[in-house]
Amino acid sequence: MSIGRRWCSVITILLSSWLITSCGDDPPNKEIQQAQQAIDTAKTAGAEQYATDEFNGAQDALKRAQASVTARDYRQALNDALDARDRAQTAGKDAADKKAATKTDVDRSLHDAALAIVDARARLRAAENSRRSPRTLVPVRRALADAETHVQEARTAFDNGDYLDAQRLLATTRTTLDENVRIIEGAGRK
């Protein structure tokens, strides 16, 4: 091998090793941006409400990645950024699944609540026709009117995509309806 070729090989090896070592000194900005985009996408999908633990884990991992960049620990920053991206993507998928399941449950609960109101109204009419004490039935009538209002509010929340609020409203409404049906039935036994 000639001296020129040896120098060329030595220079190529030195240049390659310099490039390899210098690449490790760059912060993982692209991965951090990808993680931030994945977190933003998960947030849009409702991960804050429906996949809270995984979403918070993604945010924490992103903060750790940014802190590692500040400390110039780029390897750890890369690992944390990739972890944040993966967690955010998982949170987005989980949120979409849970949101769809909640939507189905709330739709069923809206239907059940409407039927429960119709049933309670029928029982109230029967109690009024049997000349039960108005003092007992007036609060029940008010409670049924409030229940109808809450079901309408739940329907509005459902139509706006706020399934958790609709679910909360329907749960309290259903409890109120059940209590008032018991009051109506109890008034008939006296």
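All of the numbers you see were taken from the coordinates with simple rules; none came from a lab. All of these numbers come straight from a predicted model, not from anything done at the bench. We place every Cβ from the backbone using ideal geometry, glycine too, and count neighbours over all the protein chains shown.
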- If you keep only loop residues by DSSP, which trypsin sites (Lys or Arg not before Pro) in the stretch 105-138 have at most 16 other Cβ atoms within 10 Å of their Cβ? Arg131
- Task: Taking the Cβ of each residue in Leu82, Leu177 as the centre, tally the other Cβ atoms inside 10 Å and list the residues starting with the fewest.
- Result: Leu82, Leu177
- Item | Cut-off 12 Å between beta-carbons: net charge of the residues surrounding Gln36, Lys and Arg +1, Asp and Glu -1 | +2
- Report ³J(HN,Hα) in whole Hz for each residue of the stretch 126-138, in order, from the Karplus equation J = 6.51 cos²θ - 1.76 cosθ + 1.60 where θ = phi - 60°; Gly and Pro get x. 4, 5, 5, 5, 8, 6, 7, 4, x, 4, 7, 8, 4
- Between the modelled labels at Ala100 and Gln37 (7 Å from Cα along Cα→Cβ) the distance in nm is 2.4 nm
